[in-house]
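Since the structure comes first, as structure tokens, the remarks are kept for the end.
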């Protein structure tokens, strides 16, 4: 059975990534670094093209470049 990535599943995995980052650093509350780890995991699992089917890869890459700057 092939698992289909959904928004909810990507969100759960990203929260797990943030919690792993927090625990690895020995904290009990998220920091900016933990939030960044969570966002990076969500974007890896559920890219812009999946969120907005009308968006082309070039448009998504342009948005990623703008956000990275």
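Which ones in region 50-69 are in a loop (DSSP other than H, G, I, E, B) and farther than 25 Å from residue 5 by Cα? The one that is in a loop (DSSP other than H, G, I, E, B) and farther than 25 Å from residue 5 by Cα: 69. If only residues of region 22-49 that are at pLDDT below 95 and part of a loop (DSSP other than H, G, I, E, B) are counted, the one that is nearest to residue 63 (Cα to Cα) is 47. Only a single criterion out of (1) in contact with a helix residue (DSSP H, G or I) (Cβ under 8 Å, 6 or more places away or on another chain); (2) in contact (Cβ under 8 Å) with a residue 40 or more places away in the chain is not satisfied by residue 15, namely (2).
The values are calculated or read from the model by the stated rules, or taken from the named source; none is laboratory data. Owing to the predicted nature of the structure, the values given are computational and were not obtained by experimental measurement. Positions of Cβ are generated from backbone atoms using ideal geometry, with glycine treated the same way; all protein chains shown enter the neighbour counts.
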